[in-house]
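Since the structure comes first, as structure tokens, the remarks are kept for the end.
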Amino acid sequence: MSFHSGFVCILGRPNAGKSTLLNALVGEKLAIISPKPQTTRNRILGIVNVPKQKRRDAGQIVLIDTPGVHRTGSSLGRKMMTEVREALEGCDLVLVIVDAKRKWDADDAHVLDLVKKSGTPVFLLLNKIDLLADKRNLLPLLAQFQQPENCGGVAFKEIIPISALKKKGLDELLECVLKALPNGPRYFSEDQVTDQPVRFMAAELIREQVLFQTHEEVPHAVSVLIEQFEESARLVRIAAAIYCERDGQKAILLGKGGQMLKKIGTTARLDIEKMVGTKVFLELFVKVKPGWRDSRQFVEELDWRRQMQQIGGSRQPES
């Protein structure tokens, strides 16, 4: 019996719907989502186990969600683009996802440049088709993208219209992806959906609430680090630091009488409880670290793989 498996990188501009697609295909919330650009800062792995059917082989699709491709000058931005390039290395297939209702421009060409350099087979996903008032508008788009000269010389193996939010076209997408992957082993156990540690996912759920509850420059100037994470059968205790860059941002995060921080904490706690399946005691602190986005050392500390290495001898970033 054939078993298809491989690593599939999801690539696109900010807010194209990459994380929404990852969550929809895996069937669980692995990546936080918000309308604000550059929500995803790390590559996130999600595992889809596809059972055998009468006319379909079984398989395992290892999806890699990536930060939105963008041009940047900060240490944080450079780190995010490093995450993108590392995700492309060694993958078997790339899914380039674009917003079907937005005009193609030079930033899309930048995405395709990365794909061309990787030399990896690529599918084009036309996302957000549920927002097209007239579905006939898809036809000229499909005709345009079928011509490599219109796409920076990239020849797409498949062009698939989808709605990641409404979960339309995803069955066809899975069928096509599985066929494109080689015969291979099962890389992860059947009950595993990600390689992310729970403490990192908890930090992301806290940051997600900051994204939703605050505006202007605050969301982009915030990072979250877990300082304490203790699990027992009935309770998970978490202490987390929300880092920002200026005192004015700290005042916004705290809110009048601490009400904003309380709102962020309460909503995040409920989300974390859904994830871990038990009660959570969550304690939040706000710390100011001027210019942290331009600090290479601090940005490296945000990588959960490095955080896991430090657990035990646990050196926390300076406040």
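The values are calculated or read from the model by the stated rules, or taken from the named source; none is laboratory data. As the structure is a prediction and not an experimental result, all values here were calculated from the model. Every residue, glycine as well, gets a Cβ built from its backbone with ideal geometry; the counts of neighbours run over all protein chains shown. Ligands, DNA and RNA are stripped out before the accessible areas are found, and what is left, the full protein with its side chains, is counted by its heavy atoms. Shrake-Rupley method; radii C 1.70, N 1.55, O 1.52, S 1.80 Å.
Brief remarks on what is shown
- Gap separating the Cα centres of segment 131-178 and segment 262-288, nearest whole Å: 39 Å
- For segment 44-73 and segment 7-38, distance of Cα centres in Å: 11 Å
- On Cα atoms only, tilt of 170-180 relative to the major axis of the chain in degrees: 70 degrees
- At q = 0.16 Å⁻¹, base-10 log of I(q)/I(0) for segment 61-168 (Debye sum, equal scatterers on each alpha carbon): -0.78
- Phi angles of segment 28-42 translate, via the Karplus equation with coefficients 6.51, -1.76, 1.60 and θ = phi - 60°, into HN-Hα couplings of 9, 7, 9, 10, 6, 9, 7, x, 7, x, 6, 5, 7, 10, 10 Hz per residue; Gly and Pro are given as x.
- Angle of helix 106-118 to the longest C-alpha principal axis of the chain, folded into 0 to 90 degrees and rounded to 10: 80°.
- Cα-based shape type of segment 4-58, given that a ≥ b ≥ c are square roots of the gyration tensor eigenvalues and the cut on a/c is 1.5: prolate
- Around the amide H of LYS287, modelled in the peptide plane, lie the amide H atoms of ILE242, TYR243, CYS244, all under 5 Å away and 5 or more residues distant in sequence or on another chain.
- In Å², nearest 10: area of THR194 left accessible to a 1.4 Å probe: 20 Å²
- Counting only DSSP beta bridges whose two residues both lie in segment 1-109, roughly 40 percent are antiparallel.
- In nm, spacing of pseudo-spin labels at LEU165 and THR266 (7 Å Cα→C-beta vector): 2.7 nm
- C-alpha long axis of helix 259-276 to longest principal axis of the chain, angle in °: 50 degrees
- Prolate/oblate/rounded call for segment 111-184, Cα gyration tensor, a/c under 1.5 rounded: oblate
- Once both labels are positioned 7 Å from their Cα atoms along Cα-to-Cβ, the gap between PHE281 and ASP57 label points is 5.2 nm.
- Computed from the alpha carbon positions, the gyration tensor of segment 59-124 leads to an equivalent ellipsoid with semi-axes of 19, 17, 11 Å, biggest first.
- Cα convex hull of the chain - mean projected area over all directions, nm²: 18.1 nm²
- Here the contact order of segment 1-153, divided by its residue count and restricted to Cα pairs under 8 Å and six or more residues apart, works out to 26 percent.
- Sequence of ASP271, ASP195 from largest to smallest accessible area, 1.4 Å probe: ASP195, ASP271
- For segment 59-139, applying the loop criterion from DSSP together with a ceiling of 12 other beta carbons within 10 Å to the GluC sites (Glu not before Pro) yields GLU89.
- Most mobile listed residue (GLN228, GLN196, GLN209) in the chain, GNM with C-alpha springs under 10 Å: GLN228
- Ranking of MET201, MET308 by solvent-accessible surface, largest first: MET308, MET201 (1.4 Å probe, protein heavy atoms only, all chains present).
- Near the amide H of VAL280, within less than 5 Å, lie the amide hydrogens of VAL236, all on another chain or at least 5 residues away, with H placed in the peptide plane.
- Distant alpha-carbon pairs in segment 177-314 (separation over 23 angstrom), percent: 42 percent
- Using θ = phi - 60° in the Karplus curve 6.51 cos²θ - 1.76 cosθ + 1.60, the 3J(HN,Hα) couplings for segment 75-91 round to 4, 4, x, 5, 5, 4, 6, 5, 4, 5, 5, 5, 5, 6, 5, x, 7 Hz; x is entered for Gly and Pro.
- For the chain, averaging the sequence separation of C-alpha pairs within contact (under 8 Å, six or more residues apart) and dividing by the residue count gives a relative contact order of 17 percent.
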